[in-house]
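Asker: Handing you this structure, nothing more for now.
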Amino acid sequence: MPVSLRPLLSHLPLVAAVLALAAAGTPAGAQANNTASSIYTCVDAQGRRLTSDRPILACLDREQRELSSTGILRRVIPPGLTATEREAREAREREAYVERQRARDTIRRDQALITRYPDKATHDAGRKEALAQTQAVVDTAERRIAELAAERRTLDDEMEFYRKDPSRAPAKLRRAIESNAQEVEEQRRAIAGQQDERNRINARFDDEAQRLQPLWQAAAAQAAKTPASPTQR
């Protein structure tokens, strides 16, 4: 009955590795006699006991035994990886690479962070400066709202003349009142947006402070171990 080559085809990339493994550990002067002096045996997928003077291709996916010419076990050759196993190994290697890259990126970010904020006082000052920029926008918006309120009072005074019948008010006056209300709403949205920005700034600085705390402690411990230079004494 002809032997199916399908199991062998899936392991062709392993043939060279197995043959190299068979030669591993053999002295250079003895390699010429290695084939004649070794016997390889295994049980294939059909349960047949196979024997050969070289690694058996039909047993690449299972354990093989290398025997001496006198039948003494020299070593056990483990099965080669299947395509699925190779894919799993490659996936693990890719994941490990990503983790190493992520760790290196974290180290670089932390180094940049502590260079920018070498101590808590510097970090607190950075937070205060960032928040001050948002407050400047809020202050400008509030001043504009106050100006619009004054303008609205003037418009309302003009509108008072048409209190009994507002439909008689000039279109220009009605448009001015509507525009005033819209701008007030825009300024209020700007203030709300700056409050959201303040929340984001505080969240960012809180996260940075949490990351920086152990870095500051490590830097302080290192500085305590470093002897002071003569100019610092």
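The values are calculated or read from the model by the stated rules, or taken from the named source; none is laboratory data. Keep in mind that this is a model prediction, so the values were computed, not measured. With ideal geometry, Cβ positions are generated from the backbone for all residues, glycine too; neighbour counts draw on all protein chains shown. All accessible areas refer to the heavy atoms of the entire protein, side chains included, with ligands and DNA or RNA removed. Shrake-Rupley method; radii C 1.70, N 1.55, O 1.52, S 1.80 Å.
Asker: Give me the residue from segment 91-138 that is open to solvent by less than 100 Å² (accessible area, probe 1.4 Å) and of a type in the set (Ser, Thr, Tyr) and, out of that set, nearest to the chain's Cα centre (by Cα).
Answerer: Out of the qualifying residues, it is Thr106.
Asker: Is there a residue in segment 148-162 that is at pLDDT below 95 and not in a helix (DSSP H, G or I)?
Answerer: Within segment 148-162, one or more residues are at pLDDT below 95 and not in a helix (DSSP H, G or I).
Asker: Strands (runs of 3 or more DSSP E) wholly in segment 34-88 with at least 1 residues that are among the aromatic types (Phe, Trp, Tyr), open to solvent by 40 Å² or more (accessible area, probe 1.4 Å) and in contact with a helix residue (DSSP H, G or I) (Cβ under 8 Å, 6 or more places away or on another chain) - which ones? Spell out how you get there, then give the answer.
Answerer: On the way: elements: 38-43, 49-52, 64-68, 73-77.
No strands (runs of 3 or more DSSP E) qualify here.
Asker: Follow-up. Can you tell which of Thr70, Thr51, Thr122 is within 19 Å of Arg211 (Cα to Cα) and among the hydroxyl-bearing types (Ser, Thr, Tyr)? Quick ask: steps written out before the conclusion?
Answerer: On the way: Thr70 fails: within 19 Å of Arg211 (Cα to Cα); Thr51 fails: within 19 Å of Arg211 (Cα to Cα).
Exactly one of Thr70, Thr51, Thr122 is within 19 Å of Arg211 (Cα to Cα) and among the hydroxyl-bearing types (Ser, Thr, Tyr), namely Thr122.
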